[in-house]
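Have a look at the structure below before the remarks.
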Amino acid sequence: MNWHDVIGHEDVIAELKTIMKQGRMPHAVLFIGSEGIGKQLVARIMAASLFCEKQNGTPCGECFSCRQFFSNQHPDFFSLSPEGNSIKIEQIRQLQGEISLSPYLADKRIVIIDKAELMTVQSANSLLKTLEEPQGDVIFILLAHSRQSLLDTILSRCQVFNFQPLKVSVLAQALLSKGIDKDKVDILARLSDGSIGKALELWEKNGLQLRKQAIEVLDCIDLDDIWRVSTALSELERNRLLEVLEYLSMLWRDMLVLHEECNGELIYNIDMKEILNNKSDAWSTRRLLAALQLLSKVRMSLKSNANARLAMESFLLKLRDL
Ligand SMILES: [Zn+2]
């Protein structure tokens, strides 16, 4: 594992390398960027570089520190992630206990806190105490999907690095190099909002199959269709159903873009441009906007555990009458 394994983010990596080489590493850094974009990988390579005995801004992969780190056995490395839906104060307290001791192997300890936005307020305030009284030998790397999701007091203690979404062409190239079919890479890259993790997840979970189910919604006209499609959708696991609805919102958003006669290059579902264009008579801008509103309501009710079958039936019936 090394810097060349990271896809994109060249500017962030260059800055981190400079900081490390100059020995200006702050006590806390915060990586902001969407899920699956590469924050975790960059954080781990940075930790390995800081531990590496050669200290030249990159892990040599051969020294004792590197070998310990890459076999997940480095005693001075800690990684914290949410238990259930949050990072709990007990987790932070346990971590504080562990890092209060001197390092075993290196001259420092490194802590990665993944999904830092899921810290409870108590957890964040407790961590803040540690960040406010930095000890020379602990470096915190916080990962979060957005700046807004963190307390200002935490933000003010961290040097922030922003991870930008990857370009479609960069993502497509990366997917191709992972052996994914050429005819699928472009569409996966577009549907994944610049995140390599999301693109791979789509591929592995057969996300394109879910999109097919979303497309069926567009053609629901008579009651038989509505009955058949709502049955099929309600048989999906709840999270999968919500994913189908996310695809549906992307399809409608694409249709809105096509109505504006904008450059079709901007649409997510580039492989469906013609199909979507053919449906544009049935889907006016007014109907699309109303449909998107309806969709956001049904998503909310599904998230609060509404009966999927009833919710889908009523959604499709209302949709037909828009
Ligand atoms: Zn090394």
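Things to note:
- Of all residues in region 69-110, those satisfying the criterion of being under 15 Å from Met46 (Cα atoms) and of a type outside the set (Ser, Thr, Tyr) are Phe69, Phe70, Asn72, His74, Asp76, Phe77, Phe78, Ala106, Lys108, Arg109, Ile110.
- Of all residues in region 8-60, those satisfying the criterion of being within 11 Å of the ligand (Cβ to nearest atom) and free of Cβ contacts under 8 Å to residues at least 60 places away in the same chain are Ala48, Ser49, Phe51, Cys52, Glu53, Lys54, Gln55, Asn56, Thr58, Pro59, Cys60.
- Hits in region 198-243 - residues which are touching a helix residue (DSSP H, G or I) at 6+ places or on another chain (Cβ under 9 Å), among the charged types (D, E, K, R) and outside any helix (DSSP H, G or I): Lys205, Asp219, Asp222, Glu235
- Scanning region 99-125 for residues that are over 20 Å from Ser86 (Cβ atoms) and in contact with a strand residue (DSSP E or B) (Cβ under 8 Å, 6 or more places away or on another chain) yields Ile99, Pro103, Lys108, Arg109, Ile110.
- The set of residues in region 29-66 that are surrounded by 19 or more Cβ atoms within 10 Å (Cβ to Cβ), at pLDDT below 95 and among the basic types (Lys, Arg) is empty.
- Close pairs (6 angstrom Cβ cut-off, 6 or more residues apart or separate chains): outside the structural domain of Leu236 (by TED's automatic domain parsing) and crowded, with 17+ Cβ neighbours inside 10 Å in region 187-206, in a helix (DSSP H, G or I) and not hydrophobic (A, V, I, L, M, F, W, C) anywhere: Ile187/Asp271; Ser192/Lys198
- Asn72 modelled with pLDDT under 95, part of a loop (DSSP other than H, G, I, E, B), within 13 Å of the ligand (Cβ to nearest atom) and under 19 Å from Asp107 (Cα atoms): no
- Qualifying residue in region 232-253 (condition: at pLDDT 90 or above, small (Gly, Ala, Ser) and either in contact with a Cys (Cβ under 6 Å, 6 or more places away or on another chain) or crowded, with 19+ Cβ neighbours inside 10 Å (or both)): no
- Sole residue being more than 23 Å from Ile13 (Cα to Cα), away from the ligand (no atom under 13 Å from the Cβ) and surrounded by 20 or more Cβ atoms within 10 Å (Cβ to Cβ), chosen from Leu101, Leu80, Leu142, Leu127: Leu127
- In this structure, Arg67 qualifies as assigned to a helix (DSSP H, G or I), more than 27 Å from the chain's Cα centre (by Cα) and within 16 Å of the ligand (Cβ to nearest atom).
- Criterion (over 16 Å from Leu317 (Cα atoms), in contact with a Gly (Cβ under 9 Å, 6 or more places away or on another chain) and polar (S, T, N, Q)) met by exactly one of Asn239, Asn269, Asn277, Asn206: Asn277
- Failed item, numbered, when Gln164 is tested on (1) within 14 Å of the chain's Cα centre (by Cα); (2) buried (at least 16 other Cβ atoms within 10 Å of the Cβ): (2)
The values are calculated or read from the model by the stated rules, or taken from the named source; none is laboratory data. The structure displayed is predicted, hence computed values, not measured ones. Neighbour counts run over all protein chains shown; Cβ positions are idealised from the backbone, glycine included.
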